[in-house]
Amino acid sequence: MKTLSKDNADNVARHLAMAARVIDEDPELAHQHALAASRSAGRVGVVRETVAITAYAVGDFALALRELRTHRRITGSDDQLPLIVDSERGVGRPDRALEEGRAVDRSTLSVPVRVQLAIAMSGARLDLGQADRALQELEIPEADPDRAFEWSPALFSARAAVLEELGRADEAEEWERRASIAADALDAAAGVADREVIVVEEIELIDDEGGVDVASGVIPLEEDRQDSVESGGDEHVVDVDGESTSVDANADGRDDVSSDEEDAR
């Protein structure tokens with residue numbers, strides 16, 4: 001964005017911000033904003049990335065692939081590799097999708113990207129009718145059923161889908177249940193769940209790494225969380241038996257800002 005004039009940069013930033021804002025509710029409108037930004041800043045990496053993401057959202061996988069490759073060439077980043085793999089699947093090339101995923105050293109990827117890549121690779125295996133190998137793709141350290149991070153609901157659901165394909169219905173149901181629990185716990189930790197009494201079947205505790213434990217049976221009340229932050233002390237939670245325990249009130253539970261929104265600023 002620094003290569004653009006101030007007026008042009010401001011205009012492009014507005015389009016990128018709108019694309020990020022409406023993509024979940026109106027992918028087509030988000031795509032139009034991304035295209036408008038690309039007409040003014042076609043050589044800016046984040047602009048090409050946004051066009052790719054919105055193209056994927058509206059099902060234009062061929063355009064998504066072209067834009068993702070351009071973004072990769074401009075920035076040298078592999079952060080959108082999972083989307084490249086999924087877009088190859090979208091155009092009917094699961095074999096090519098697997099080749100793309102194997103071409104990169106996964107140890108060089110961030111944890112969220114590595115998890116997304118495992119899910120995409122598993123999907124490509126399913127496309128090829130390789131359910132056993134699809135499950136193997138998901139056998140990663142991050143698939144911890146007792147802890148929830150931002151990627152956990154999608155990872156758990158992907159595992160449930162593969163187990164269902166393998167005819168292991170009971171296991172599939174258990175992993176889908178854990179996906180739901182993880183999503184609820186993460187929502188509660190972010191403060192977006194019901195502000196009254198929230199009770200789930202498993203524990204929800206924020207750890208020092210920004211994760212959420214989902215092992216036992218408590219979830220914080222929103223009022224207790226606020227009281228804890230104001231007092232600077234431990235945060236109180238109420239379990240299903242009516243007993244209380246405590247959570248470190250200083251644990252980091254903030255959501256990441258999307259790369260598009262950050263660059264748009």
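What follows draws every value from the coordinates through simple rules; no lab data is involved. Just so you know, these numbers come straight off a predicted model, no measurement behind them. No Cβ is skipped: glycine too gets one built from the backbone with ideal geometry, and neighbour counts run over all protein chains shown.
What the table below lists for this structure:
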item: Net +/- balance of residues flanking Glu171 in space, Cβ distance below 12 Å, scoring K and R +1, D and E -1; result: -2
item: Estimated FRET transfer efficiency when R0 is 35 angstrom, pair Glu28-Ser110 (beta carbons, to 0.05); result: 0.70
item: Over segment 1-140, equivalent-ellipsoid semi-axes from the Cα gyration tensor in Å; result: 30, 16, 12
item: Length-normalised contact order of segment 6-156 in % [C-alpha pairs under 8 Å, at least 6 apart]; result: 14
item: Difference of contour (0.36 nm per residue) and Cα-Cα distance, Arg39 to Ala62; result: 6.4 nm
item: Segment 97-107 - phi-based ³J(HN,Hα) in whole Hz, Karplus 6.51/-1.76/1.60, Gly and Pro as x; result: 4, 5, 4, 4, x, 7, 6, 10, 6, 5, 5
item: Sequence-distant residues sharing a close amide H with Arg147 (under 5 Å, placed H); result: Val214
item: Length released on extending from Gln130 to Ala169, taking residue separation times 0.36 nm less the Cα-Cα span; result: 12.3 nm
item: Total charge dipole magnitude, segment 81-150, about the Cα centre, Cβ charges on Lys, Arg, Asp, Glu only, Debye to nearest 20; result: 180
item: Cα→Cβ-extended label distance, 7 Å offset, between Asn11 and Thr75, nm; result: 2.4
